[in-house]
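A short write-up of the structure that comes next.
The values are calculated or read from the model by the stated rules, or taken from the named source; none is laboratory data. This is a predicted model, so every value here is computed, not measured. We place every Cβ from the backbone using ideal geometry, glycine too, and count neighbours over all the protein chains shown.
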Amino acid sequence: MEANLARYWIGFQRVPGIGPARLKGLVESFGDAEAAWFASAASLRAAGLSPSVIEQLLSLRGALDLDAEWARVERLGVRVLTWQSPEYPRLLREIDQAPAVLYLLGELEPVDELAVAVVGTRSPSSYGKAVTEQLAVGLAANGVTVVSGLALGIDGIAHRAALDAGGRTLAVLGNGLDTIYPARHRSLAERIQGEGALLSDYPLGTRPEAHNFPARNRIISGLTLGTVVVEADRQSGALITLRYALDQGRETYAVPGNVLARTSLGTNEAIQRGEAKLVTGVEDILSELNLSMIVEQRTVAEQVPGNANEALLLQAIGSDAVHVDELARSTGMGSGDVMSTLLMLELKGMVRAVDGMTYVANG
C-alpha cells in the first residue's frame, strides 16, 4: 500500500473506539482512509460516529505526527498491510473482525494459505515437546506452513522444528513488532523473519501486556485451515485459540495426554466434549485437510503443464462423483487416456478418487 494512504490507517488504529467495523464504514463512507481522517466533525457525525469517538479522533488528529509514525515503520523495515492490500492473507480476511491493519516483518507467500496452527502450554512435558516436534516436522515436510505465537514452550518448539525441517513458519505477536517477546526468542524471531514472517495487529510501541494475547489468538487461528493444541490446562490461552478456530469454522484438533497431568486437562476435555478431533500423528491432520500429497501436487503442477485432455476432463467432472466409464463416454476419450489424465489431475490436487473408479473435482 502507498505510504500516503497507509499512514492514515495507522492513525485510525490508534483512535479509541474505532475498531475494524467502524473503520470499514468510514472508508466506505469517505472513499479512502485519508479523506476519512481529515473529515469534519459534522461529516463524521453523519457517518455514524458518536460525539465521544469524534472528540477522540479530533484530539489525536491534532497530536499525532503521522509522518513520524511512518518514518518509524520504514526505519524498522516493517510493512503495513490493510484490507486493501493485495498481500493481505485471504484466510484472515474471511474472519469476523479481521484486523484492519497488519504489521509484517519477513514475507508472506501464496503457499502460506496451506497453514496449520500448533499451540500449547508454556510448560510442556517431555511428551509434549516430542509430539510438537513430530507434528511440526511432519507438517513442514508436507509443505504446510506452521503458525504459532512465539511464546515459550509449545509455540517456540513448533516454530523451531518447522524451520529445522526446512519449512515455513509464521509467528503472531501480542505486541508491536519493535519488541520481541519473550526476549530469549530474539534469535528464533530472526530465523522466522528470514524463512517466514512475524505479524502483529498492534501498532509499533505496544508493549506485551497480558490482555493483548487472547485477542491476538484470533489471528493465529484465522491465518490457518486448522488449529492443533498439543498440551494445555483448563486456563491455557491455547484453548482460546481453539475456540476462535471453532467460531471461524476452521478445523480443530487436540493431542490426548496423561490423564493425571494438569497440562493435559484442557486438551483431553476438548476431545471429550467434541470440540477437537483426536490427533495421534501428523497424518490425522493431513488426511482431514486433504493435504497428504501437497508436495507431490506442487512438484507435478510446476513440472507438467496442462493439456487439452486435462481441460476436457475437468469440464466433465463436477461436484458429484463421476465414473471413469461415464467420463470416457462423455468426452470421447479412450479409457486409457482417461485413467492417465485422471492420475495427473489427482497428483495436481485438482480431482480426487471417491471409491476407486469414480472421481470428483476438488474445490
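Before moving on, here are some points about what is shown:
- Counting the residues of segment 112-136 that are surrounded by fewer than 21 Cβ atoms within 10 Å (Cβ to Cβ) and either charged (D, E, K, R) or free of Cβ contacts under 8 Å to residues at least 60 places away in the same chain (or both) gives 6.
- Selection count, segment 73-102, where residues are closer than 24 Å to Asp247 by Cβ and among the hydroxyl-bearing types (Ser, Thr, Tyr): 2
- Those residues of segment 83-94 which are buried (at least 20 other Cβ atoms within 10 Å of the Cβ) and touching a Pro at 6+ places or on another chain (Cβ under 9 Å), in sequence order: Leu92
- Those helices (runs of 4 or more DSSP H) lying entirely in segment 82-185 with at least 1 residues modelled with pLDDT of 95 or more, outside the structural domain of Ala33 (by TED's automatic domain parsing) and farther than 30 Å from Glu34 by Cα: 126-141, 154-164
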